[in-house]
Amino acid sequence: GAVVSQHPSRVICKSGTSVKIECRSLDFQATTMFWYRQFPKKSLMLMATSNEGSKATYEQGVEKDKFLINHASLTLSTLTVTSAHPEDSSFYICSARDGRQGGAGELFFGEGSRLTVL
Amino acid sequence: QQQVKQSPQSLIVQKGGISIINCAYENTAFDYFPWYQQFPGKGPALLIAIRPDVSEKKEGRFTISFNKSAKQFSLHIMDSQPGDSATYFCAATLSSGYSTLTFGKGTMLLVSP
């Protein structure tokens, strides 16, 4: 099956700093990637849809200036948490759709990135 | 808002038993219904998925039952094992275009030895 790689898996940073999380589709091109946030024992909450070569589409309530998303190529999307604060501590997960012709259009997820802001 | 309602919230099953998780959706346009398994600290992994043109799909010990008229689908885990202990999410989406998934709230399954 398709593989989505996410890096780093864990990051600890000081309050006020910025953190970048990378999401790569390893064996397919992903025109669209999705970024989720997950709180403990909760479901995944869609933050934004990342489209290659264009601006991301953010869900209601998600600050686009705080969560910067860049989708510079068909295999890479990045999420940058700017001026991170302790309330931004969470599990961030990316996903990508395998849209190859003949594929089932499944959505594959990265392993997630645990962000802890001190 | 489009919703997928999942139940139960948590489930304890003895080893060898059958685990059953149910989901109901609202949007009749949805045409792809995957189930994801998530272990603590990991991203969700696609377990099994079904499209509305069939009423059942089986892969090993995992079976999806789909009732289009009732807008419901369920996951059955036969011969449940302790290694199946995880959180399971049902989801629904439009398979074409750039639609993301609408997730259920998840079910924490514990299979006791």
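The values are calculated or read from the model by the stated rules, or taken from the named source; none is laboratory data. Predicted model, so just to flag it, every value in this text is computed and none were measured. So basically every Cβ, Gly included, is an ideal-geometry build from the backbone, and we count neighbours across all protein chains shown.
Residues in segment B:29-50 that are within 13 Å of the chain's Cα centre (by Cα) and assigned to a loop (DSSP other than H, G, I, E, B): B:PRO44 alone. Within the span defined as segment A:91-100, one or more residues are more than 10 Å from chain B (Cβ to nearest Cβ) and hydrophobic (A, V, I, L, M, F, W, C). Report the residue count in segment B:77-94 for those that are within 17 Å of B:ASN22 (Cα to Cα) and either outside any strand (DSSP E or B) or without any contact (Cβ under 8 Å) to a residue 12 or more places away in the chain (or both). Residues that pass the stated criteria total 4.
Once segment B:10-42 is narrowed to residues that are of a type in the set (Ser, Thr, Tyr) and in contact with a Ser or Thr (Cβ under 6 Å, 6 or more places away or on another chain), the residue that is nearest to B:ILE77 (Cα to Cα) is B:SER19.
Selection within segment A:46-86: residues that are β-branched (Val, Ile, Thr) and assigned to a strand (DSSP E or B). The member of this set that is nearest to the other protein chains (Cβ to nearest Cβ) is A:THR49. Exactly one residue out of A:PHE34, A:PHE28 is more than 10 Å from chain B (Cβ to nearest Cβ), under 26 Å from B:CYS90 (Cβ atoms) and either assigned to a strand (DSSP E or B) or modelled with pLDDT under 90 (or both): that is A:PHE28.
Within segment B:26-37, residues that are touching a residue at least 12 places away in the same chain (Cβ under 8 Å) and closer than 19 Å to A:PHE109 by Cβ reach partners that are in a strand (DSSP E or B) and among the hydroxyl-bearing types (Ser, Thr, Tyr) with beta carbons closer than 6 Å, at six or more positions or on different chains, in the pairs B:TYR32/B:THR93; B:GLN37/B:TYR88. Restricting B:ASP79, B:ASP53 to residues that are farther than 22 Å from A:LYS42 by Cβ, within 14 Å of chain A (Cβ to nearest Cβ), over 14 Å from the mean Cα position of the chain (by Cα) and not hydrophobic (A, V, I, L, M, F, W, C) narrows the list to B:ASP53.
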